[in-house]
1. Output the number of residues of the stretch 55-70 satisfying the condition of being aliphatic (A, V, I, L, M) and under 16 Å from L8 (Cα atoms).
2. Go through (1) part of a helix (DSSP H, G or I); (2) in contact with a helix residue (DSSP H, G or I) (Cβ under 7 Å, 6 or more places away or on another chain); (3) surrounded by fewer than 16 Cβ atoms within 10 Å (Cβ to Cβ); (4) at pLDDT 95 or above for E39 and report which single condition fails.
3. Applying the selection to the stretch 111-129, what residues are closer than 19 Å to A21 by Cβ, buried (at least 18 other Cβ atoms within 10 Å of the Cβ) and of a type outside the set (S, T, N, Q)?
4. Looking at the stretch 66-81, can you tell me whether even one residue there is of a type in the set (V, I, T) and either more than 20 Å from T6 (Cβ to Cβ) or assigned to a helix (DSSP H, G or I) (or both)?
5. Does the stretch 91-98 contain any residue that is loosely packed, with under 15 Cβ neighbours inside 10 Å, at pLDDT 95 or above and not aliphatic (A, V, I, L, M)?
6. Of R44, R103, which residue is modelled with pLDDT of 95 or more, of a type in the set (K, R) and closer than 22 Å to D31 by Cβ?
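The values are calculated or read from the model by the stated rules, or taken from the named source; none is laboratory data. Keep in mind it's a predicted model, so treat the numbers as computed, not measured. Here the Cβ is made from the backbone with ideal geometry for all residues, glycine too, and neighbour counts use every protein chain on show.
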Amino acid sequence: MTATDTGLQAEYAAIFACGAAAVHLDGAPRDQAEALEAEHRSRRDALLDHYAAAGAEAPAPAAGYDVGAIADAAAAQELLTKVETDVTATWRAGVAAADPQERQRCLDMYAASAVALARWRRAIGQAAANPWPGRPA
């Protein structure tokens, strides 16, 4: 499995989580959750275009994703913070890929994901500043 394959899987999971969490949110957090879902769909589509252009078969999404119980807005915010952090960490790990083109693709996705994570944190009242988003603590 390549870093791009792993990143695509993370994007699929994020799309699912955004849809599951957004219904529990209101105001700016809900608007941002919907924007995040659109961004993940856009990244997924760009990756699917990449596979098609390369004549390669893209990994399929899982049949479902375990997002746990989402009882309220706080749980939805916690889920999306974890998901956005995980997606960013996945793309960050891909920056170490041996292939220069894959490394660049992962770097571009990492940058976009880091910006999305910062916007999400701001929408829910958290500090957006993080010098290395996606870096394991």
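1. 5
2. Failed condition: (3).
3. Correct list: A116, L117, A118, W120, R121, A123, I124.
4. Looking through the stretch 66-81, at least one residue is of a type in the set (V, I, T) and either more than 20 Å from T6 (Cβ to Cβ) or assigned to a helix (DSSP H, G or I) (or both).
5. no
6. R44
Residues checked against (1) touching a residue at least 60 places away in the same chain (Cβ under 8 Å); (2) buried (at least 20 other Cβ atoms within 10 Å of the Cβ); (3) at positive phi:
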position	(1), (2), (3)
T4	yes, yes, no
G7	yes, yes, no
L25	no, yes, no
D49	no, no, no
D72	no, no, no
T85	no, yes, no
T88	no, yes, no
